[in-house]
Every structure is written in C-alpha cells, then in structure tokens.
Amino acid sequence: MYKGSRRRLSIARGDMRFGLRFGPHCVCCAVRWANRVRKRIRNAVVEISQNGVYFRRVAPLAQRLEQRPFKSWVVGSNPTGGTTNPWNRNGSKDFLFRPAWLLEWCPMSCTTILVGKNASYDGSTIIARDDDSGSGRYDPKRFVAVAPDDQPRHYRSVLSHVEIELPDNPCRYTIAPNVLNNRGILAEAGANEHNVAMSATETIAVNERVLGADPMVELRPAVGEPDSTDYQAEQPGGIGEEDIITLVLPYVTTAREGVARLGELLETYGTYESNGVIISDVDEIWYVETIGGPPWNPPPEPRRRGHHWIARRVPDDCYATIPNQLGIDDFDLADAFGEQREYLCSADLREFMATHHLDRTMGTPVSSNGRHAHSAGFGTTVALPTRFNPRKAFGTATPKDHIYNTPRAWYMQRRLNPSEDWDSPAARYTPESDDIPWCRVPEDKVSLEDVDFLLSSHFEGTPYDPYGTTGTAESRHRYRPIGVNRTGHMVAIQVRPYVPAANRTVMWVSFGSGPFTAAAPFYANVNDTPAYLRDTTPEVSTGNLYWTNRLIAVVADAHWYETNRFIEGYAEGVRAFGHRLIERTDEQLLARSDAESTDTNAWPLDGGHGDEKDVQGVADVLEAANDEMADYLREHTTKLLNDVLYTSSNLMHNSFAMSDRWAE
C-alpha cells in the first residue's frame, strides 16, 4: 500500500468499519479498495470506468458509505448531495474519485495472440484477438458477410469525419462488427474471399516523446458561423479502429499487400489513436504498429504527410503475444529499407527517429561535427544502429502497464513455455516485467484449444485468479484478467494450407465473456451467415448467441464452482462438434471436385470449375455447414442457460428449503 496519504477512506456497514490508505497515483490501491467495497457491501455496484471510480448506491446497505476526499483526486459527489455520474442513466447519486491518468488508461482493451504456421498444430496461420469494450460499456456483436455491392465507394468516418474515395473493385468478405453504428462500422475481425485475414485493432500507447514529435490527427470541429469572417471550417481527423478493416480488407489478395495498403492510408490520412493491426494469409502473419500521427498545418498550407508506422512478420516457428502495449521489441532497419523480408516501415522512419532522438540503444556514441549525437542540435540527422527496440523507443512502461498489460503477456507465455521458471523469486520474467518477449518459440505446437483457453483465461493456477482459492483476496484481484467481463467477442482466424482455397479460411467465433463460452468454427468464404449470429439485437434477447452468452456469464459468475461443470461440458462439446463438422465438410467439398483438381493448390476460389452455378454450389455447402454449427449452438447454449439458471436459482440468498406439504 502507498503510505504517503494523509487521509483515510472509511466504509461503514452496521458495526463493520474498515478503510485503506492510498495515494493519488496508486492504481493498485484504487482497484484493491474498489474490490473491497464490493466484497464488504452487499449489492454495491463498483465500476472503474473511463471517467473514474464509482460506487453506486443500489440498496440500503450501501447508503452508509462515507467519503473523505483527497485534494489530489477530483471529487464528484457525496452522500448528501453533489453531482451525478454522467454515465448513470437512472439519475442516482454516486461517489466519484477520478485521477487524471484514469481517463486515458481505462479505455484500453483487447488481447492478441498470433501463431506462425510452423508453430501451429496443423501448419495453419492463426491470428486471434479478444475485442473488449472500455470499462462500463458492452458492445453487442454480430457475424455478417459483406457483398461487393454493399461496400461503399465513398467512405466517411463516423468518428473522425475523414472522407476517402475507395476503389471500384472490392471483393466479398466476412466480419464480426458491432451491432450499433454509433461509432462506425468497427469491423474488428474478418477474412476475404482471397483468404486474407485481418484483426483490428489492438489498442496500444506511445510515449510523450513520440506524441510531441508526431501528434495525433484529431477531428477539429468547425468554429463560428459559415458566413462570419472568423469562421474556421471543420478539419477531419485521421483513420482509426472504426475504419481500418473496411478500408483495407476488400482490396488485397495477400497479407503483404494489406500492409502496403494500410501503410499508404496511414501516411496519407494519419490516425487519431495508436493501434496494432494484424494481417495474415496462408503463408505469413504481419503485425503493424502505428507510431504517432501527423499534425494538421494551418491553412493555406497543405496537411503535412509523414505518419509513421512499423510492421514485423511473425516468424513461422513462433507465437506472439500483445496485451495493449506497443509490443515489437526488435526491428531491423537494414531489412526494412532493403530486402523487406521480415520488416516494413514508413519511408522516413529513420530520419524521424534521428531528428527527434527517439532511439535509446546503448553502444558506441555517435558524433556529429565533434559533438555527441544528442548534443548535435535540434533537427540534426544522425546515424542510427541497424537494429533497435521499438518498445523502448516508442512505447510506454508505467506502473499502470504492470497491472493492466504485462501480466497478460506473462500468463500466455507461461502457458506455452511451461518448463521455464515463472513463479520463483529468481524467475526471469514476472507479471510486471517490461521485457517479456514479443514473440518466442513454443515448447509444443499451439492448437486452437490453446488459443481459446488463453484468450478466455483468468490466471488459472496462480494466486491471481479472481475465481481461485490460492493467494489472498488482494492478489486475486491484483491484475486485469484476459477473459474479462466486457469481452464482446473472440475471433481466431485459421488459414489452412492443406485444403482448397474455397474453404481454406475458418473463423472460430465466441461472443461474450470468455470464461463462460467457447469458440465455434464458421467458414468465411460465404455469401450469408447464420441468423443466430447475424441478427443480434441492440437490446437483450435470448433469440441470438451474443445475448444468451452474456446472460449465462452474468448468472454463472456469482456461482462459479457450482456452475463451472456445465460450462466446461458445453465448451468441450462445442469444440468437438466443430472439429467434426469442419472435417466432414472439407471431405464433402473435396469429393465434389474433379479428380484432376484434388491438388489443394490447384482448386481455385470458385470451387474448381469456372461457371457461376458451381461457385454458388460451393457457397451453399459452406453456408449449410455454418447453419449446422449455429443450430448446435442454439440448442446447447439454450440448455446451458437453463442449467446455469436452475442451479443459481437454488443458491439465491432468499431461498428456503421447506415447501408446502402438497408440493412434489
């Protein structure tokens, strides 16, 4: 605990009174105190949101909360009056403690794992990411196919208002976007008919030196009236998570083409946020990180180009883990500006780094006119080493990262390289290490079950498991789990080399909080998707997969041990049925092909025949398989909800064992 505080927060409930001492910059204490409130005060709702830490009064037991503010915290309301939480729609008064950094930190979300083709169990490339909303927000998800005629030709971003003319030759693609369009399309994950897959984005952060050198391109609203002399027109922002898949995926035939198109868009329009973007095909996985964003120049000067980005190819025999941090920890400038086999970057990255002294590589001092490079004067271009660490040059390493980010990378690598020492005092890497490798060779080939487990995990087998029995009450809520309550979906995209191109890409999809669901396979190269996943409603309904899984998670969470056997059985059944279905459908499609077309590299996207009838025939088979998977999910997810609801109903606090004598 931080012991520098001169104040004490106390919470009373009847004759129970307790408090914690903590300082204004200690996120650990804020989270721990919030969890203690939740445990001690029944029915209290505790939220750490992008606006602060809230304790909502939802029952008489919570009305005796006391608050003694710190000068260094922004105080929102108190028990007798004050302001209302702007996120609170019912108008009740909440307590708000808002440190300044929390505004920027809390919206970060998502966890990514990438598996190279020689590191996966079947030679596929696998890219997978949890799409998690910001704290206190839950975004309904759906699964849809986008036809070329439905792709816009003139694109306008909802968030940044940037307008882009798009090519007139888009291809078909399948995505898992938000249901609501209030923040744009937000395609999040998808694959096109050329078997190029994307997942976007992994929220990351760059440091102040980068932001000072290359600010974000943010929307600037119009100022004044259009007819006035001091009127300033609106200046659109750059591109962001809302836009990236829609602007890239329909127009590329390989992952490398995707990186090139994304890089061109970034250099042309900039971005208003820092992101990681994954692009893959059957041979390669590329990971792109954005580095700052070019500023607007005041009129009449044109906007300055030069937004910066880096991309690294995931080694074929490695997996990579990314937990909301700028992750690439090794970059070869010689390759990026030479053969470009493993590395790509924006054209002026080398000059940008040298001009703004961003490289932090230790070694022989570089001189300029007899002076050390860092005293050569502003704007002086100096030599850079061939290799450098982008995480140190561009990224962050803060106490908040040690709670929110690094523990997730630690746990994923602990699972895939278990023979290493991860837990002793002498362990090379701990949950709070800043130098956990971006990628490494696994001890065993990685399966889809590994990926599904990891992206729904909550530090099982460690003292940090919120559902665990080891450790302490504090340690079990110390770090942000991977499988978190606000996960919208997990999509793992598998591009397989051993089947024809028509059925090569499979999207393993789960909706809702990972510990309470399982990923199911769906073919991507289709014209339509099952209604059970496609027609997600904005409001709660048991008629679709997303909301049914959300309801299961909420009910089961309070009774983890009593309901977990049902969830584990459900997950095992979903994955086993999914594997059988994919194998059976692959065999069915292979039997359709001509004898001379059985070579997996010879069967083209149209199914091996050039006519439109057979193209539709292949799509019909894939869509029928997807419908069969959806029917299985509908039946078994409904049964799971029934089992969890019945079990939890018997465990309600107002339950009573005695019944009427006539009851059976």
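The values are calculated or read from the model by the stated rules, or taken from the named source; none is laboratory data. Quantities reported herein were computed from a predicted structural model and do not represent experimental measurements. Note that we place each Cβ from the backbone using ideal geometry, even for glycine, and neighbour counts take in every protein chain shown. Ligands, DNA and RNA are excluded from the accessible area calculation, which covers all protein heavy atoms including side chains. Shrake-Rupley method; radii C 1.70, N 1.55, O 1.52, S 1.80 Å.
Some observations on this one:
- Qualifying residue in region 190-197 (condition: aliphatic (A, V, I, L, M) and more than 30 Å from Ala492 (Cβ to Cβ)): no
- Within region 203-231, the set of residues being without any contact (Cβ under 8 Å) to a residue 40 or more places away in the chain and among the polar types (S, T, N, Q) comprises Ser228, Thr229.
- Positions within region 117-166 being within 20 Å of Val509 (Cβ to Cβ), of a type in the set (Ser, Thr, Tyr) and open to solvent by 10 Å² or more (accessible area, probe 1.4 Å), in sequence order: Tyr121, Tyr138
- Here Trp547 fulfils each of the conditions (1) without any contact (Cβ under 8 Å) to a residue 12 or more places away in the chain; (2) part of a helix (DSSP H, G or I) apart from (1).
- Subset of region 311-360 that is assigned to a loop (DSSP other than H, G, I, E, B) and basic (Lys, Arg) - its residue that is nearest to Val288 (Cα to Cα): Arg341
- Selection over region 632-664 of residues that are free of Cβ contacts under 8 Å to residues at least 12 places away in the same chain, among the acidic types (Asp, Glu) and outside any loop (DSSP other than H, G, I, E, B) gives a count of 1.
- Taken over region 171-183, the criterion of being in a strand (DSSP E or B) and either modelled with pLDDT of 95 or more or of a type in the set (Phe, Trp, Tyr) (or both) is satisfied by Tyr173, Thr174, Ile175, Asn178.
- Cβ pairs under 7 Å, 6+ apart, first in region 328-351 and among the aliphatic types (A, V, I, L, M), second in a loop (DSSP other than H, G, I, E, B): Ile328/Trp438; Leu333/Leu384; Leu333/Thr386; Ala334/Thr386
- Subset of region 184-193 (residues that are surrounded by 24 or more Cβ atoms within 10 Å (Cβ to Cβ) and in a loop (DSSP other than H, G, I, E, B)): Leu186, Ala187, Glu188
- The test for being assigned to a helix (DSSP H, G or I) and within 30 Å of Gln616 (Cβ to Cβ) holds for Thr246.
- Single residue of region 520-544 satisfying the filter (over 23 Å from Gln588 (Cα atoms), touching an Asp or Glu at 6+ places or on another chain (Cβ under 9 Å) and assigned to a loop (DSSP other than H, G, I, E, B)) that is least open to solvent (accessible area, probe 1.4 Å): Asn544
- Selection from region 464-515 of residues that are without any contact (Cβ under 8 Å) to a residue 60 or more places away in the chain, out of contact with any Ser or Thr (no Cβ under 7 Å at 6 or more places or on another chain) and open to solvent by less than 10 Å² (accessible area, probe 1.4 Å): Ser475
- Subset of region 320-355 that is of a type in the set (Phe, Trp, Tyr) and farther than 29 Å from Asp131 by Cβ - its residue that is least open to solvent (accessible area, probe 1.4 Å): Phe352
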